[in-house]
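Notes to accompany the following structure.
The values are calculated or read from the model by the stated rules, or taken from the named source; none is laboratory data. Just so it is clear, the structure is predicted and the values come from calculations on it, not from any experiment. All Cβ positions, glycine included, derive from the backbone under ideal geometry; neighbour counts span all protein chains shown. These area figures cover heavy atoms from the full protein model, side chains too; ligands, DNA and RNA do not enter into them. Shrake-Rupley method; radii C 1.70, N 1.55, O 1.52, S 1.80 Å.
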Amino acid sequence: KVSPAGVAYFDYWNNLPDYYSYNAFGWHFVALNTNSSTMGSTKWNNELSWLQADLAANAGRCTVALWHHPAFNVGQEPVPGSATKLWSLVAGHATLVLNGHDHTYQRWRPLNGTGAASSAGTVEVIAGTGGHSLTPTAVALRFIAPSGSVVDSATIPCV
């Protein structure tokens with residue numbers, strides 16, 4: 001029997017919050033939950049309060065935030081309210097926001113908390129490119145070294 005809404009997953013981890021932050025290599029990383037089932041709940045409000053406190057405690061640090069649903073998207077997937085709410089809190093505090101969900105690659109220019117272009121804003125990257133909606137007949141890949149040279153590339157047809 002499959003448990004609803006990932007209950008078994010969270011029980012396995014002793015019901016720890018599904019949002020957290022850590023510091024590595026001089027950067028502050030913030031992982032957040034945008035599942036719409038938590039919107040408006042006590043759990044969601046706790047996440048937002050925690051986020052505001054975490055950003056305040058790490059002000060001035062280079063920050064990367066990551067969550068599943070993008071706040072801005074030109075792909076086929078809709079933008080949930082949870083993602084836009086998180087964006088309004090993170091923009092201007094984080095250098096970069098990483099998302100997936102839409103099975104495309106998109107890099108947005110720096111945007112402020114309302115989504116307007118701003119040189120002091122935050123860049124959103126959607127990297128859901130492992131996806132099912134790219135092509136029904138093949139997958140293409142490229143591995144690019146830091147120097148910019150292509151180390152490996154391939155188009156692999158469906159079998």
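Rundown of residues vs (1) at pLDDT 85 or above; (2) open to solvent by 50 Å² or more (accessible area, probe 1.4 Å); (3) touching a Ser or Thr at 6+ places or on another chain (Cβ under 6 Å), yes/no style:
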position: 28; (1), (2), (3): yes, no, yes
position: 37; (1), (2), (3): no, yes, no
position: 49; (1), (2), (3): yes, yes, no
position: 58; (1), (2), (3): yes, no, no
* Asked: What is the one condition in (1) of a type in the set (Ser, Thr, Tyr); (2) open to solvent by less than 80 Å² (accessible area, probe 1.4 Å); (3) modelled with pLDDT of 85 or more that residue 129 does not satisfy?
  -> (3)
* **Pairs where the first residue, in the range 44-69, is assigned to a helix (DSSP H, G or I) and the second is open to solvent by 20 Å² or more (accessible area, probe 1.4 Å), C-beta under 6 Å, 6+ apart** => 47/19; 51/89; 54/21; 55/93
* Tally time: how many residues in the range 77-120 are crowded, with 17+ Cβ neighbours inside 10 Å, at pLDDT below 90 and part of a helix (DSSP H, G or I)? -> 1
* Number of the condition not met by residue 2 [criteria: (1) at pLDDT below 70; (2) in a loop (DSSP other than H, G, I, E, B); (3) on the phi > 0 side of the Ramachandran plot] -> (3)
* Asked: Are any residues in the range 91-109 among the hydroxyl-bearing types (Ser, Thr, Tyr) and over 26 Å from residue 59 (Cα atoms), and if so, which ones?
  -> 104, 105
